[in-house]
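The structure appears below as C-alpha cells.
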Amino acid sequence: PTQNRAVTQADYENIAYRMPAKFGSIKRCSVQRDPDSQKRNLNMYVISEDKFGKLTKTNNAIKNNLKIWLNQYRMISDTIDILNPYIINLGIDFSIKTVTGVDRFSVVNQCISRLSKLYKDGFFIGESFIISDVYSELKKVRGVLDVLKVNLRTQTGPNYSGATININKNLSPDGNQLIIPKNAIVEIRFPATDIRGKAR
C-alpha cells in the first residue's frame with residue numbers, strides 16, 4: 001500500500017544510507033519529527049567524514065543529491081529539511097590505581113590505546129556517552145588494580161568544532177550517562193591527546 005515509500009523515520013534513515021556513492025557519502029544520519037511543525041515535517045541530520053576520518057559538515061552538493069534521492073521515496077505529505085548536527089568534541093580524563101611493581105607510564109598508555117579503539121567507530125547522532133563503559137574498559141587493561149575517577153570535558157580550539165555542552169547539567173541522575181541532544185553528535189577527535197590518564 002505504501003508503494004515502496006518511506007513511512008517511518010527509520011525508513012528515511014535506511015534510504016539515506018543507501019544513496020549510491022557516486023552522489024556522495026554520509027557517515028551518520030538521524031531523522032527526527034520537527035516538534036515545532038503542525039504537519040509531517042521531518043528534520044534529517046546528516047554528517048560526513050573528511051579524508052582523515054574526522055567528522056565534518058556534509059557539503060551542500062551532497063545534501064542536494066540526498067534531497068533528490070529521497071524525493072523518489074518520500075510520502076507526498078512529508079516535508080524534509082536536511083540539517084547539520086552539532087559536533088561535540090569531548091575529552092576524557094581518567095585516574096587509575098596500578099598493581100604494585102608495574103610501569104605506570106606503560107599502563108596509562110595501554111589504557112589510552114584501549115579507549116581509542118573503543119571509540120574508533122564513533123557515535124551516532126543523538127547517542128549518549130556512557131561513562132560506565134570507560135570504567136569497564138579500563139578495568140580490562142593488564143596492570144590496572146582499580147579505576148578511581150573518570151571525567152569528561154569539552155574540547156575547544158582551532159582544530160575543534162566550537163560546539164560545547166554543559167557536562168554537569170546534562171549528566172543522567174545516576175551520573176552514568178552524558179545525555180546528548182538529538183541534534184548533536186559526540187566525537188573524540190584526537191584520541192592520542194584528547195584522552196589523558198594518571199596512575200597512582
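The values are calculated or read from the model by the stated rules, or taken from the named source; none is laboratory data. A quick note: this is a predicted structure, and the numbers were derived from the prediction, not measured. All Cβ positions, even for glycine, are placed from backbone atoms using ideal geometry, and neighbour counts span all protein chains on display. Side chains are part of the model used for accessible areas, which takes the heavy atoms of the whole protein and leaves out ligands, DNA and RNA. Shrake-Rupley method; radii C 1.70, N 1.55, O 1.52, S 1.80 Å.
Just a few scattered comments:
- Counted residues, region 16-29 - those being part of a strand (DSSP E or B) and either out of contact with any helix residue (DSSP H, G or I) (no Cβ under 7 Å at 6 or more places or on another chain) or β-branched (V, I, T) (or both): 1
- Condition broken by K57, with the remaining ones in (1) open to solvent by 40 Å² or more (accessible area, probe 1.4 Å); (2) in contact with a Cys (Cβ under 7 Å, 6 or more places away or on another chain) satisfied: (2)
- Taking (1) farther than 14 Å from V186 by Cβ; (2) at pLDDT 95 or above in turn, Y119 satisfies each apart from (1).
- Region 3-15, subset free of Cβ contacts under 8 Å to residues at least 12 places away in the same chain and not in a helix (DSSP H, G or I), residue surrounded by the fewest Cβ atoms within 10 Å (Cβ to Cβ): Q3
- Residues that are modelled with pLDDT under 95 and either open to solvent by 30 Å² or more (accessible area, probe 1.4 Å) or over 30 Å from N14 (Cα atoms) (or both), drawn from region 70-99: N71, Q72, Y73, R74, M75, I76, S77, T79, D81
- Residues that are under 24 Å from V186 (Cα atoms) and among the polar types (S, T, N, Q), drawn from region 89-109: N89, S95, N109
- Evaluating I88 against the criteria (1) closer than 27 Å to P35 by Cβ; (2) part of a loop (DSSP other than H, G, I, E, B); (3) of a type in the set (A, V, I, L, M, F, W, C) leaves one unmet condition, (2).
- Test: residue in region 132-143 that is farther than 19 Å from R200 by Cα, touching a residue at least 24 places away in the same chain (Cβ under 8 Å) and over 14 Å from the mean Cα position of the chain (by Cα): yes
- Pick from region 51-69, criterion assigned to a loop (DSSP other than H, G, I, E, B) and at pLDDT 95 or above, ranking: nearest to S25 (Cα to Cα): T58
- Residues being open to solvent by 20 Å² or more (accessible area, probe 1.4 Å) and on the phi > 0 side of the Ramachandran plot - total across region 130-168: 2
- Applying a threshold of 8 Å to beta carbon distances and a minimum spacing of six or more residues, or different chains, the list of pairs starting in region 153-181 at a residue that is closer than 18 Å to K57 by Cα and ending at one that is acidic (D, E) and part of a strand (DSSP E or B) reads S161/E187.
- Among all positions in region 177-197, there is no residue which is closer than 17 Å to F105 by Cβ, surrounded by fewer than 17 Cβ atoms within 10 Å (Cβ to Cβ) and touching a Lys or Arg at 6+ places or on another chain (Cβ under 6 Å).
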